[in-house]
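Chemist: Have a look at this one.
The values are calculated or read from the model by the stated rules, or taken from the named source; none is laboratory data. Just so we're clear, the structure is a prediction, and the values are computed from it rather than from any experiment. Because the Cβ atoms are built from the backbone with ideal geometry, glycine has one as well, and the counts that use them run over all protein chains shown. Accessible surface areas use protein heavy atoms only, side chains included; no ligands, DNA or RNA. Shrake-Rupley method; radii C 1.70, N 1.55, O 1.52, S 1.80 Å.
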Amino acid sequence: MRVLLAGGAGYVGTHTAVALLNAGHEAVLLDDLSGTHAVAAERVAQITGTSVPLVVGDAADDAVVSGVFDDHGPFDAIIHLAAFKAVGESTQKPLDYYSNNLDTTYALMRVGLARGIRSFVFSSTGTVYSDPADLPFTEESTTSIDLSNPYSKSKRMNEVVLEDIARVNPDLNVTILRYFNPVGAHPSGLIGEDPAGIPNNLMPFVSRVAVGSLEQIGIFGDDYDTPDGTGLRDYIHVVDLAEGHVVALEQAQPGFAVFNLGTGTPVSVHELVTSFEKAVGRELPKVVLGRRPGDVAATYCDPAKAERELGWKAQLGIDDACRDYWNWQSTNPNGYAGA
Ligand code: UDP
């Protein structure tokens, strides 16, 4: 298959590109480089030994997307990963988040439909589930649009839009992948997560403390109703997540489908920090702080549908993710900027 990867130079995009190329598919990356660097695409080529074109441009611009089809098409499928994703920032810049995260879908879908794509895979989030009574979340669990931040709302809005588009395009496959918490890095250490500024998410923050660019880990609350009092999340290794995109594409049937991509195993903040300390080989400075506004005590999925229907199951655990994240961070202490 020939695949247009929008947001292809980002964290999930680069790993998905590697997985696609390793499975014998072809990929073209479209990325505006607002959250990553061009060198990320070169690293994909280095890992796979396959050239992978990078088009630098805005996936929300029909003319840009048409240009990619003109120069690099035809494509069988689009995987749409081009989004702003900083939850905290989204509450400060709602217009930017709604506009970017929806306009990209509109442009990619308009051009993709006109050019005859067969499949459209969309990167969504497990934060669309809204009722903790449903844990572990299945694809049938209650979703809401009334979520705690514009980032999550923009993802749920996309899902609604895409389901309507799928309904009137019965030959098209539209697959929604609801990610839980992506972590880890490719075992080569050549690609990984490279957040700008001070990271909001736990593993990149812990990793920056380990590399010495941040002072100490702040644990956001240890008085939750969880086994050790800290928050529980479903951390999925980005290599497993990437593989999920490949199988979703390979097995895509016409129609609308939704899959959770997670491990199904909840891991606490304390457990993640301990696992990371093991990877680094020393204890890391940490302090317990108050709860972060908007956080839930626990979120994790039931990934059985993806196993049943796609034959996909996460293979890697939190220790693998910490080892691989640390390998990437310690060999690229300044991310791609230092390359
Ligand atoms: N967390 C923390 N310190 C940090 C960042 C996150 O204790 O510096 C906690 C957070 O409260 C949550 C878990 O780690 O329980 C995962 O947070 P993250 O932001 O990575 O993911 P999300 O909350 O969006 O699922």
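Chemist: If you take just the helices (runs of 4 or more DSSP H) that sit entirely in the range 56-140, which of them hold at least 1 residues that are closer than 28 Å to Glu250 by Cβ and in contact with a Lys or Arg (Cβ under 6 Å, 6 or more places away or on another chain)?
Modeler: 62-72
Chemist: Turning to a different aspect of this structure: For residues in the range 84-120 being open to solvent by less than 10 Å² (accessible area, probe 1.4 Å) and within 19 Å of Tyr151 (Cβ to Cβ), which is modelled with the lowest pLDDT?
Modeler: The residue in question is Ser90.
Chemist: Now, a different point. Going through the range 217-241 one residue at a time, which ones are more than 10 Å from the ligand (Cβ to nearest atom) and either small (Gly, Ala, Ser) or farther than 24 Å from Val12 by Cα (or both)?
Modeler: Asp223, Asp225, Pro227, Asp228, Gly229
Here's the yes/no breakdown for (1) within 20 Å of the chain's Cα centre (by Cα); (2) over 26 Å from Leu4 (Cβ atoms):
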residue: Tyr97; (1), (2): yes, no
residue: Thr104; (1), (2): yes, no
residue: Gly116; (1), (2): no, no
residue: Ser119; (1), (2): yes, no
residue: Asp131; (1), (2): no, yes
residue: Ile145; (1), (2): yes, yes
residue: Glu159; (1), (2): yes, no
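Chemist: Hey, can you tell me all the residues within the range 278-299 that are in contact (Cβ under 8 Å) with a residue 24 or more places away in the chain, of a type outside the set (Gly, Ala, Ser) and within 13 Å of the ligand (Cβ to nearest atom)?
Modeler: Hits for the range 278-299 are Leu284, Pro285, Lys286, Val287, Val288, Leu289, Arg291, Arg292, Asp295, Val296, Thr299.
Chemist: Name the residue, out of Asp324, Asp302, Asp320, that is under 17 Å from the mean Cα position of the chain (by Cα), surrounded by 17 or more Cβ atoms within 10 Å (Cβ to Cβ), away from the ligand (no atom under 16 Å from the Cβ) and at pLDDT 95 or above.
Modeler: Asp324
Chemist: For Ile198, which of the numbered conditions (1) touching a Leu at 6+ places or on another chain (Cβ under 9 Å); (2) under 20 Å from Pro293 (Cα atoms); (3) in contact (Cβ under 8 Å) with a residue 60 or more places away in the chain fails to hold?
Modeler: Looking at each condition in turn, Ile198 falls short on (3).
Chemist: Test each condition in (1) over 28 Å from Val288 (Cβ atoms); (2) without any contact (Cβ under 8 Å) to a residue 24 or more places away in the chain; (3) part of a loop (DSSP other than H, G, I, E, B) for Asp164 and report the one that comes out false.
Modeler: Among (1) over 28 Å from Val288 (Cβ atoms); (2) without any contact (Cβ under 8 Å) to a residue 24 or more places away in the chain; (3) part of a loop (DSSP other than H, G, I, E, B), Asp164 violates only (3).
Chemist: Show the residue pairs meeting these rules: Cβ distance below 6 Å; 6+ apart or different chains; first residue within the range 5-20 and part of a helix (DSSP H, G or I); second residue open to solvent by 10 Å² or more (accessible area, probe 1.4 Å) and of a type in the set (S, T, N, Q).
Modeler: Val18/Thr48
Chemist: Which of the residues belonging to the range 184-241 are outside any loop (DSSP other than H, G, I, E, B) and over 16 Å from Leu272 (Cβ atoms)?
Modeler: Those that are outside any loop (DSSP other than H, G, I, E, B) and over 16 Å from Leu272 (Cβ atoms): Val211, Val239, Asp240, Leu241.
Yes/no per residue for (1) touching a residue at least 60 places away in the same chain (Cβ under 8 Å); (2) closer than 21 Å to Gly189 by Cα; (3) open to solvent by 10 Å² or more (accessible area, probe 1.4 Å):
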site: His25; (1), (2), (3): yes, no, yes
site: Leu30; (1), (2), (3): no, no, no
site: Ser34; (1), (2), (3): no, no, yes
site: Val56; (1), (2), (3): no, no, yes
site: Gly67; (1), (2), (3): no, no, yes
site: His72; (1), (2), (3): yes, no, yes
site: Ala82; (1), (2), (3): yes, no, yes
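Chemist: Any idea how many residues of the range 256-299 are of a type in the set (S, T, N, Q), within 19 Å of the chain's Cα centre (by Cα) and open to solvent by less than 30 Å² (accessible area, probe 1.4 Å)?
Modeler: Residues flagged as of a type in the set (S, T, N, Q), within 19 Å of the chain's Cα centre (by Cα) and open to solvent by less than 30 Å² (accessible area, probe 1.4 Å) within the range 256-299 amount to 2.
Chemist: Same structure again: What residue, among those in the range 36-50 that are touching a helix residue (DSSP H, G or I) at 6+ places or on another chain (Cβ under 6 Å) and more than 14 Å from His186 (Cα to Cα), is most open to solvent (accessible area, probe 1.4 Å)?
Modeler: Here the answer is His37.
Chemist: Here's another thing I want to ask about it. Would you be able to tell me the number of residues in the range 150-165 that are within 12 Å of Ala86 (Cα to Cα) and open to solvent by 10 Å² or more (accessible area, probe 1.4 Å)?
Modeler: 2
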